[in-house]
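One structure is given here, and the rest of the page talks about it.
Read-outs throughout are calculated quantities, based only on the coordinates presented, and are distinct from any laboratory measurement. Because the structure is a prediction, the values reported are computed rather than measured. Here the Cβ positions follow ideal geometry from the backbone for every residue, glycine too, while neighbour counts run over all protein chains shown.
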Ligand SMILES: Cc1cc2nc3c(=O)[nH]c(=O)nc-3n(C[C@H](O)[C@H](O)[C@H](O)COP(=O)(O)OP(=O)(O)OC[C@H]3O[C@@H](n4cnc5c(N)ncnc54)[C@H](O)[C@@H]3O)c2cc1C
């Protein structure tokens, strides 16, 4: 990663290539933290590039399989050609699932902006019938998510619950943080009670406490769900949760197409922008 922005992005991104990403995974694994690897990139609009991106994931799965690390992989469907057509994307990603099935590696389909929610879920339902070792993501900010969680629970599809990283209109999403958090807690309860091995993906202390407490009161074991956090965010807390006997998985992004991901991390927290400004003006 070159330039000052590339240097600063290193806090959130494991590196440019597979080797650097696997080193980050090794470091986390040595602390008993598991991972999911993500090759950065989204909104690919030509077929050759989308096919090349899926090939890069297949190569990643080969590396994971050959190496001593244990890791899942996370994919974004707009990187795989969702903007071209649903069927093209289905066929392209099925190649990744075929290889993942061969190696028994879990694949998570990330959730992108609300224009893609229904199409993503429709594809997930199709894939899950063929490749059961996969899951998807639900965003607590969306009004529709309660119904989606019910359906995913009914179909026994594993869910990662997050707040949602995309700017959405008031007609579709809660705009007030308190309401997002309230819905997050409600969906956590539904997933822990009726879902399959949910992933509670947040850096929010209150929601982490809520999850621990609800699980303890309901007799849900610490091995029946996992917490997830993003690479480079709240590293001490990641270790603390692990040493308290909970499962922790870190989302490890790598690659050269890092700007949109990095921009979302900056938007989430104004302190990150101050950090950049401070470094830009440091002599
Ligand atoms: C494993 C994982 C996978 C995800 N996958 C998706 C996905 O598929 N689709 C999607 O839309 N979103 C995804 N997200 C992002 C998510 O939707 C939120 O945008 C992001 O996690 C911030 O929300 P929060 O729950 O941490 O709560 P917040 O209320 O945003 O933050 C709580 C606290 O966490 C810390 N924190 C949060 N963000 C940052 C940051 N950027 N830098 C430094 N500290 C921070 C701060 O201490 C903050 O006070 C994922 C998040 C995680 C952890």
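Maximal additional length on extending the residue 56-residue 256 stretch stands at 70.7 nm, based on 0.36 nm per residue less the C-alpha distance. If R0 is 35 Å, the Cβ-Cβ spacing of residue 144 and residue 85 corresponds to a FRET efficiency of close to 0.90. Here the label points at residue 240 and residue 11, each 7 Å from Cα along the C-beta direction, are separated by 1.9 nm in the simple model.
Assuming a ≥ b ≥ c are the square roots of the Cα gyration tensor eigenvalues, decide whether the stretch 78-155 counts as rounded (a/c under 1.5), prolate (otherwise, with a/b larger than b/c) or oblate.
Numbers: a/c = 2.11, a/b = 1.31, b/c = 1.60.
Since a/c reaches 1.5 but b/c is at least a/b, the shape of the stretch 78-155 is classed as oblate.
When only Cα pairs under 8 Å and 6 or more residues apart are kept, what is the percent relative contact order across the chain? Each step should come with its number before you reach the end.
Numbers: 438 pairs, mean separation 64.2, N = 283.
The normalised contact order for the chain reaches 23 percent.
Computed over every Cα-Cα pair of the stretch 35-141 and binned at 10 Å starting from 0, the pair-distance distribution P(r) comes out as 15, 52, 29, 3 percent. Which residues in the stretch 64-79 have a backbone N closer than 17 Å to a point placed 7 Å from the Cα of residue 104 along the Cα-to-Cβ line? The answer is 64-73.
Nearest 0.05, what FRET efficiency do residue 95 and residue 27 give at R0 = 25 Å with Cβ-Cβ as r? Could the numbers behind the result be given before it?
Values: r = 30 Å, r/R0 = 1.20.
The pair residue 95/residue 27 has a calculated efficiency of 0.25.
Summarising the strand pairing of the chain, around 5 percent of its internal DSSP beta bridges are antiparallel. The calculated FRET efficiency for the pair residue 125 and residue 185, based on their C-beta separation and a Förster distance of 30 Å, comes to about 0.70. The stretch 219-236 and the stretch 19-38 have Cα centres lying 15 Å from one another.
Can you bin the stretch 133-283 into rounded, prolate or oblate? Criterion: square roots of the alpha carbon gyration tensor eigenvalues sorted a ≥ b ≥ c, rounded for a/c under 1.5, prolate for a/b above b/c, oblate for the rest. Don't skip to the answer; put the middle values down first.
Details: a/c = 1.88, a/b = 1.42, b/c = 1.33.
Prolate, because a/c is 1.5 or more and a/b exceeds b/c.
Translational diffusion of the chain was estimated from the Stokes-Einstein equation, with Rh taken as the Kirkwood radius over Cα pairs; at 37 °C and 0.692 mPa s the coefficient is 170 µm²/s.
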